[in-house]
Amino acid sequence: MKYRLPELEDKEIIKSYIEEHYSHNEKSLSASNKLTSMNFEDWVNKIHSNVNIPDKDWGKSLTYLAFNEDNNLIGLLSVRYDLTEEKAMEFGHIGYGVRPSQRRKGYATKMLEFALKECKKYGLDKVIVGCYKENIGSARTIIKNKGKLIKEKNI
């Protein structure tokens with residue numbers, strides 16, 4: 001897999017990614033860092049800026065596009081390496097989302113493995129990753145990457 005920050009030239013492939021989620025009746029995009037609520041160019045600039053300049057929601061963070069071996073956009077991956085402890089417990093240091101047509105192929109597991117390595121680079125020894133209780137696939141992804149249940153909360 002290949003990971004990189006989004007660029008302005010990615011507009012069409014990201015548009016297709018968003019449309020696929022919506023066509024599967026999904027109302028939000030995991031790890032998108034407000035992609036669907038912003039102008040695309042502003043979003044790209046925000047993603048690049050957040051690498052070094054914290055924003056009020058996520059602090060410093062990385063939002064990657066994740067591509068498979070055929071260079072197809074598989075998903076989005078967010079590494080929030082500058083969260084307060086309170087925000088980490090609420091949202092987690094890592095967020096990931098895989099496009100519906102590419103789920104159940106092991107991509108989320110690879111994405112989380114990569115994100116955990118990124119967290120180590122930024123000095124995080126303890127990483128919080130969360131998922132909704134009914135998201136069995138995400139729970140399995142976390143367990144495959146040696147995650148442990150520390151808490152359950154109601155929505």
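Only the coordinates and a few stated rules stand behind these numbers; no lab work does. Please read all numbers here as calculations on a predicted model, not as lab measurements. Glycine also receives a Cβ, built like all others from the backbone with ideal geometry; neighbour counts cover every protein chain displayed.
When only the Cβ of Lys, Arg, Asp and Glu is charged (+1, +1, -1, -1), the dipole of the chain relative to its Cα centre reaches about 740 debye. Here the label points at residue 3 and residue 89, each 7 Å from Cα along the C-beta direction, are separated by 2.6 nm in the simple model.
Computed from the Cβ-Cβ distance with R0 of 25 Å, the FRET efficiency linking residue 104 to residue 143 stands at 0.95.
Model label sites at residue 12 and residue 68, defined 7 Å from Cα along the beta-carbon direction, differ in position by 2.0 nm. Treating r as the C-beta distance of residue 24 and residue 57 and R0 as 25 Å, the FRET efficiency rounds to 0.45.
Please work out the FRET efficiency for the pair residue 37 and residue 133, using the Cβ-Cβ distance as r and a Förster radius of 30 Å; give the result to the nearest 0.05. Once rounded, the FRET efficiency stands at 0.70.
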